[in-house]
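Since the structure comes first, as structure tokens, the remarks are kept for the end.
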Amino acid sequence: MNRVVHPIEEESFRRLRARLDTSHFPALTRAVVERVIHSAADPEYATDLVMDEDDLVEAHAALHAGAPVVVDVEMVAAGITRRETVCRLRDAGSGPGLTRSAHAIRLAYEQVGPGALWVIGCAPTALEELLTLDASPALVIGLPVGFVGAAESKEALRASGLPAVSNVSEKGGSAVAAAALNALLYHPISTEEKP
């Protein structure tokens with residue numbers, strides 16, 4: 001089923017492209033950059049985001065082949081409009097040395113196993129916990145926000161070598177994390193990709 005794009009969204013992307021030339025980005029990178037910028041009305045994401053096109057191609061194929069999507073909070077889940085997600089935050093608890101967000105990541109991994117797409121837009125501790133697991137993710141969208149641990153957790157994600165979308169600064173959040181995943185969901189399946 002083709003997605004129907006509202007005229008307001010079309011006009012918004014037209015204005016975005018009039019202000020910022022994104023034509024030099026490869027296709028999926030461009031889709032992610034534009035959708036993240038659109039979600040935050042923040043063109044600085046064009047130079048703040050970090051990703052690899054080959055990783056995005058593989059993640060896009062995995063996503064469209066039905067790989068699970070795990071989110072850290074319900075706000076991220078609410079922003080992902082065309083796919084069911086797994087969020088275990090309601091089932092999680094905190095304890096010494098373990099935040100509720102980190103526990104939720106453990107619970108989600110126990111549920112979905114390797115090969116999922118992980119979308120973290122709120123808690124740096126959720127991203128930190130994911131990095132301790134042997135999750136073998138299809139992709140980690142690591143865009144937690146905040147002044148405590150956000151930039152550091154994203155730096156650790158990039159250093160891990162996992163396929164990822166992250167950004168360098170402290171900014172991020174549920175809306176931009178969901179937007180990055182939606183960019184992959186909305187992008188058409190290429191005939192070159194394996195289903």
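The values are calculated or read from the model by the stated rules, or taken from the named source; none is laboratory data. Not measured: the values here are computed from a predicted model. Here Cβ is always computed from backbone atoms with ideal geometry, including for glycine, and neighbour counts include all displayed protein chains. Surface areas here come from the heavy atoms of the whole protein model, side chains and all, with no ligands, DNA or RNA. Shrake-Rupley method; radii C 1.70, N 1.55, O 1.52, S 1.80 Å.
Label separation (ILE8 vs ALA159): 4.3 nm, computed from points 7 Å beyond Cα along the C-beta direction. P(r) tail for region 1-112: Cα pairs beyond 24 Å make up 42% of the total. Need the C-alpha centroid separation for region 150-177 versus region 87-118, integer Å. Taking the Cα centre of each part, region 150-177 and region 87-118 sit 18 Å apart. Dipole magnitude for the chain: computed about the Cα centre from +1 point charges on Lys and Arg Cβ and -1 point charges on Asp and Glu Cβ, it is near 460 debye.
In loop segments of region 89-195 as defined by DSSP, the chymotrypsin sites (Phe, Trp or Tyr not before Pro) with at most 15 further C-beta atoms inside 10 Å of their C-beta are PHE147. If both residues of a DSSP beta bridge must be in region 57-185, then about 10% of such bridges are antiparallel. Accessible surface of region 61-101, 1.4 Å probe: 50 percent of it comes from carbon and sulfur atoms. Scaled to the globular estimate 2.2 N^0.38 Å, the Cα spread of region 78-195, given as radius of gyration, is 1.04. Where a ≥ b ≥ c are the square roots of the eigenvalues of the C-alpha gyration tensor, would you call region 1-60 rounded, which needs a/c under 1.5, or, failing that, prolate if a/b is larger than b/c, or oblate? Oblate, because a/c is 1.5 or more while a/b does not exceed b/c.
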